[in-house]
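What follows is one structure encoded as structure tokens, with my remarks underneath.
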Amino acid sequence: MAKKETQSVPLTYRDAGVDIDAGDALVDAIKPAARRTNRAGANPELGGFGGLFDLKAAGYRDPILVAATDGVGTKLELAQSTGQHRDLGIDLVAMCANDILAQGALPLFFLDYFATGKLDTTTAASIIKGVADGCIEAGCALIGGETAEMPGVYPPGGYDLAGFCVGAAERGQLMSANNVKDGDLVLALPSSGIHANGFSLVRKVISSLRLNLSEAAPFASHTALGTALLAPTRIYADAVKAALSAGTVTSISHITGGGLIENPPRVFSNDLALHLELKARPLPPVFYWLKQAAQMENYDLARTFNCGIGMLISVRPEDAENILQKILQTGEDCWIAGSIVKRQNDAVILNHVDSAWA
């Protein structure tokens, strides 16, 4: 019988690349961040096997739950290159919470997943603190999460993020495509930049032009390129709450992957179309730079990026001015950007695109 091969010295989990002590230290480091996000219905103490949320304590009588999950895409590659990690946590919350808001629901609680090859507690804690920042903006509680150290799956210094958000609305208050009618006006809320979609193309442009992330941005001379591109995704909780309380909102569209072409048709029926008036606001400099640098056609630009619009809200025309003013009172910018009409050809018509984006 062949002799079994055995280790000459005992092995530990640390020898395999997983540091349990570092994970415990991270949990201790982020507990204050989680406590900052406390809200009615939540108990944001970390360390149990599951997070708890009390819908009754949050004030709901007959709620419908809405769930969303997302990541930040390859934007995290830029964050890792620049060492600027915290705002990715805001992005992570925003990508999920804005989807909840687009259903006409309000975010309630959030959980995060952080996976890495070797845990750097400073980097991880910075990101989770950013998650807490985003949760406060969204009005939801950070009630749990998972940190996975996975040597051999992720390279040294590499990591990935995923977020999970649950919100709620009272029965009968959720958005429905059937609510959108010919003649509705469409309000736009501005993006803060690229948000967290299209960064594979952004990185391709940076690589092709051999740009230095620490040097001044071509579109923002007083800001480093990496910092300008990493501007965190805007969270629209206050604006959506104001809109819902001020009049008849018929749809809400979060402009993410697919840009202005593919996202709006998700919220209205196939016999309707969105006419966007692009002369209402100029194309923000970062998108004009990308258009020129990548030599993009206008259609591809609009199908890839948000082009300065992070959210669209359709409303009954008689309520448009009141809702507009209520949103402006929150400190959020807003403008009438278009209308819903009977469809003749395409689902989204970009009016005056060639002159507005020239």
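Mind checking which pairs have a first residue in region 330-344 that is surrounded by 16 or more Cβ atoms within 10 Å (Cβ to Cβ) and among the polar types (S, T, N, Q) and a second that is at pLDDT 95 or above and assigned to a loop (DSSP other than H, G, I, E, B), Cβ under 8 Å, 6 or more apart or different chains? Correct list of pairs: SER339/GLY183; SER339/ASP184.
When GLN84 is tested against the conditions (1) out of contact with any Ser or Thr (no Cβ under 9 Å at 6 or more places or on another chain); (2) of a type outside the set (A, V, I, L, M); (3) modelled with pLDDT of 70 or more, the lone failure is (1).
Taken over region 104-124, the residue count meeting the criterion of being out of contact with any strand residue (DSSP E or B) (no Cβ under 9 Å at 6 or more places or on another chain) and crowded, with 22+ Cβ neighbours inside 10 Å is 0.
Residue by residue, here is whether (1) assigned by TED's automatic domain parsing to the domain that holds GLU332; (2) in contact with a helix residue (DSSP H, G or I) (Cβ under 6 Å, 6 or more places away or on another chain); (3) farther than 17 Å from ASP70 by Cβ; (4) not basic (Lys, Arg) holds:
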position: ALA125; (1), (2), (3), (4): no, yes, yes, yes
position: GLU146; (1), (2), (3), (4): no, no, no, yes
position: PRO156; (1), (2), (3), (4): no, no, yes, yes
position: SER200; (1), (2), (3), (4): yes, no, no, yes
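For region 229-275, the candidate set comprises residues that are under 19 Å from ALA196 (Cα atoms) and of a type in the set (D, E, K, R); within that set, the residue that is surrounded by the most Cβ atoms within 10 Å (Cβ to Cβ) is ARG234.
Residues that are more than 16 Å from the chain's Cα centre (by Cα), in a strand (DSSP E or B) and buried (at least 24 other Cβ atoms within 10 Å of the Cβ): does region 149-160 have at least one? Yes: region 149-160 contains one or more residues that are more than 16 Å from the chain's Cα centre (by Cα), in a strand (DSSP E or B) and buried (at least 24 other Cβ atoms within 10 Å of the Cβ).
Based on this model, can you work out whether LYS129 counts as surrounded by fewer than 18 Cβ atoms within 10 Å (Cβ to Cβ), in the same structural domain as ILE143 (by TED's automatic domain parsing) and of a type in the set (Lys, Arg)? In short, no. Of all residue pairs spaced 6 or more apart or on separate chains, those with beta-carbon atoms under 6 Å, a first member in region 300-325 that is among the hydroxyl-bearing types (Ser, Thr, Tyr) and a second member that is part of a strand (DSSP E or B) are SER314/VAL186; SER314/THR250; SER314/SER251; SER314/ILE340. Being crowded, with 18+ Cβ neighbours inside 10 Å, outside any loop (DSSP other than H, G, I, E, B) and of a type outside the set (Ser, Thr, Tyr) is the filter here, so list the residues in region 137-148 that pass it. If the condition is that a residue be crowded, with 18+ Cβ neighbours inside 10 Å, outside any loop (DSSP other than H, G, I, E, B) and of a type outside the set (Ser, Thr, Tyr), then GLU137, ALA138, ALA141, LEU142, ILE143, GLY144, GLY145 are the ones that fit. Is it the case, given these coordinates, that LEU88 is under 30 Å from SER245 (Cβ atoms) and among the aliphatic types (A, V, I, L, M)? When the stated conditions are applied, LEU88 does not pass them. Note on region 192-215: residues that are of a type in the set (Gly, Ala, Ser) and either part of a helix (DSSP H, G or I) or under 10 Å from LYS75 (Cβ atoms) (or both) total 5.
In the set GLY193, GLY134, GLY167, only one residue is touching a Lys or Arg at 6+ places or on another chain (Cβ under 9 Å) and surrounded by 18 or more Cβ atoms within 10 Å (Cβ to Cβ); that residue is GLY193. Sub-9 Å Cβ pairs linking a first residue in region 54-70 that is part of a strand (DSSP E or B) to a second residue that is of a type in the set (D, E, K, R), at least 6 apart or interchain, are PRO63/GLU170; PRO63/ARG171; ILE64/GLU170; ILE64/ARG171; VAL66/ASP99; ALA68/ASP99; THR69/ASP99; ASP70/ASP99, ordered by first then second residue.
Residues in region 222-237 that are part of a strand (DSSP E or B) and either modelled with pLDDT under 95 or not hydroxyl-bearing (Ser, Thr, Tyr) (or both): HIS222, ALA224. Consider LEU111 carefully, then state whether it is in contact with a Phe, Trp or Tyr (Cβ under 6 Å, 6 or more places away or on another chain), touching a residue at least 12 places away in the same chain (Cβ under 8 Å) and not in a helix (DSSP H, G or I). When the stated conditions are applied, LEU111 passes them.
The values are calculated or read from the model by the stated rules, or taken from the named source; none is laboratory data. Everything numeric here is computed off the predicted structure, so don't read it as measured data. No Cβ is skipped: glycine too gets one built from the backbone with ideal geometry, and neighbour counts run over all protein chains shown.
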